[in-house]
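The values are calculated or read from the model by the stated rules, or taken from the named source; none is laboratory data. Values in this document were obtained by computation on a predicted structure and should not be read as measured data. Counting neighbours? That spans all protein chains shown, and the Cβs are built from the backbone with ideal geometry, glycine included. When the accessible area is computed, the model is the full protein with side chains, heavy atoms only, and any ligands, DNA or RNA have been set aside. Shrake-Rupley method; radii C 1.70, N 1.55, O 1.52, S 1.80 Å.
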Amino acid sequence: MEVFCGIDWAEDHHDIAIVDRDGQLLARRRISDDAAGLAALLALLAEHGDSAGDQVPVAIETPRGLLTACLRATGRKVYPINPMAVARYRDRHSIAGRKSDHGDAVVLADILRTDAHAHRPLPADTELAQAIAVLARAQQDAVWARTAAHNKLRSHLREYYPAFLAAFNGTKGGIMRSEARAILAAAPTPAAAAALTLAQLRALLRKAGRRRGIDADAARLRDALRAPQMRQLPLVEQAMGRQALALLGQLDAACAAAADLEQATVESFNQHPDAGIITSFPGLGPLTSARVLAETGDDRSRFADAKGLKAYAGAAPVTRASGKTRAVLHRRVKNQRLAAAGYVWAFSALTASPGARTHYDRRRKDGDRHAAAQRNLFGRLLGCLHYCLATGQHYHENTAFPTPGHAPCDIAA
């Protein structure tokens, strides 16, 4: 292709610039952010040689939005360029620091003209994979929001209601449990909690979904909530109870959103052809598998080898060498969502895979700390995943972690 397009994205309009191989500006236009603007853009590209067999590549500063989605749907290569990178390229054209929307569109087109090989286009993922990515990321955001809401509520309860925290301190999930939230909604202050009877506590536990051990747990909670504790002044305590109810509403909403999105994510993931291969790996349940698929996609051409995938996930270190100085450092520029899923994956694999446990213990014995050993294990598992997806094979423990005396295969290369 001898023509390149740059789009300076904005909320309500976009500036378009088209340049040729020699950098000459062929066309410029401002379009609206609607269907008419998209039609004008496609017509402009068609005027400069765009066709189904030879499509004009596009550079834009965002990988999201309706315009980007519609351009991807045409099958053309769309290059999302980081705005910080665009700012560096802008300095090549002018050192005065001037900036304009049209000028940025020209800079984006020039990036493709000169350095397209140094930038990665958006992957050609299937529609199902893109839908899974939306749901998995939304579910992960909901989990983070749930954690933030829990921390706010817990911090607030420490200020006036320590007995409630102590009552659920040893239970899995703590105050995020449905019974804990039900009791807090019924008794948001220590005075109200001390007045709860056994019958009321049993009713609250049943309402929250408990089916076993209700009598014993109700008695334990009554004693814990009536235990001596430091108290705020009565009016202050009531005010803090109202604030706790507001924070509880946020936690309830976050818990409901996380649960609903988890179900939708798992249902969509189970429909994907790669689901069986991904879930065959130790430590990967349906939800974590969906997160891995959401960030890696199903475009087999996206990563030429496992090394690229490891670098993208932050599992491969960075080597910096200058003169006689050489340092091997942890990679910090990475896909944070994939790295978070990888931490859970590697940690779970320690108990699900004897080979993974042996690999981790060997790295620890060689001097790695816990986080470094887990990253190395995550990288090994990613190499196995890349190989299995490329060949259509399921995970095999003896192939991924061969016993002594057997030559390892190249799945982690």
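Overview of values
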{"item": "Condition broken by Ala133, with the remaining ones in (1) closer than 30 Å to Gly75 by Cβ; (2) open to solvent by 40 Å² or more (accessible area, probe 1.4 Å); (3) at pLDDT 95 or above; (4) not polar (S, T, N, Q) satisfied", "result": "(2)"}
{"item": "Boolean, Gly249 is at pLDDT below 95, surrounded by fewer than 17 Cβ atoms within 10 Å (Cβ to Cβ) and not basic (Lys, Arg)", "result": "no"}
{"item": "Enumeration of residues in region 379-413 that are modelled with pLDDT under 65 and among the aliphatic types (A, V, I, L, M)", "result": "Ala407, Ile411, Ala412, Ala413"}
{"item": "Every pair of residues 6+ apart whose Cβ atoms lie under 6 Å, when the first sits in region 365-389 and is free of Cβ contacts under 8 Å to residues at least 40 places away in the same chain and of a type in the set (A, V, I, L, M) while the second is open to solvent by 30 Å² or more (accessible area, probe 1.4 Å) and part of a helix (DSSP H, G or I)", "result": "Ala373/Arg363; Ala373/Arg364"}
{"item": "Count of region 178-227 residues which are open to solvent by 50 Å² or more (accessible area, probe 1.4 Å) and of a type in the set (Asp, Glu)", "result": "2"}
{"item": "Restricting region 1-13 to residues that are without any contact (Cβ under 8 Å) to a residue 60 or more places away in the chain and of a type outside the set (Val, Ile, Thr), the residue that is nearest to Val106 (Cα to Cα)", "result": "Trp9"}
{"item": "Failed item, numbered, when Ala105 is tested on (1) farther than 15 Å from Asp8 by Cα; (2) touching a Gly at 6+ places or on another chain (Cβ under 7 Å)", "result": "(1)"}
{"item": "Residues satisfying the stated conditions in region 299-344, i.e. under 20 Å from Val134 (Cβ atoms) and open to solvent by 90 Å² or more (accessible area, probe 1.4 Å)", "result": "Gln336"}
{"item": "Qualifying helices (runs of 4 or more DSSP H) (wholly inside region 29-126; at least 1 residues being open to solvent by less than 70 Å² (accessible area, probe 1.4 Å) and touching a residue at least 60 places away in the same chain (Cβ under 8 Å))", "result": "66-73, 101-115"}
{"item": "Contacts under 7 angstrom Cβ, first residue in region 213-238 being touching a residue at least 60 places away in the same chain (Cβ under 8 Å) and more than 17 Å from Asn169 (Cβ to Cβ), partner assigned to a loop (DSSP other than H, G, I, E, B) and open to solvent by 90 Å² or more (accessible area, probe 1.4 Å), 6 or more apart", "result": "Glu237/Arg231"}
{"item": "Test for Lys172: is it part of a loop (DSSP other than H, G, I, E, B) and open to solvent by 40 Å² or more (accessible area, probe 1.4 Å)", "result": "yes"}
{"item": "Close pairs (6 angstrom Cβ cut-off, 6 or more residues apart or separate chains): open to solvent by less than 60 Å² (accessible area, probe 1.4 Å) in region 140-161, outside any helix (DSSP H, G or I) and not acidic (Asp, Glu) anywhere", "result": "Tyr160/Gln232"}
{"item": "Output for region 304-354, where each listed residue is in a helix (DSSP H, G or I), of a type in the set (S, T, N, Q) and within 25 Å of Asn398 (Cβ to Cβ)", "result": "Ser348, Thr351"}
{"item": "Residue count for region 351-397, restricted to those that are closer than 22 Å to Arg337 by Cα, surrounded by fewer than 19 Cβ atoms within 10 Å (Cβ to Cβ) and small (Gly, Ala, Ser)", "result": "2"}
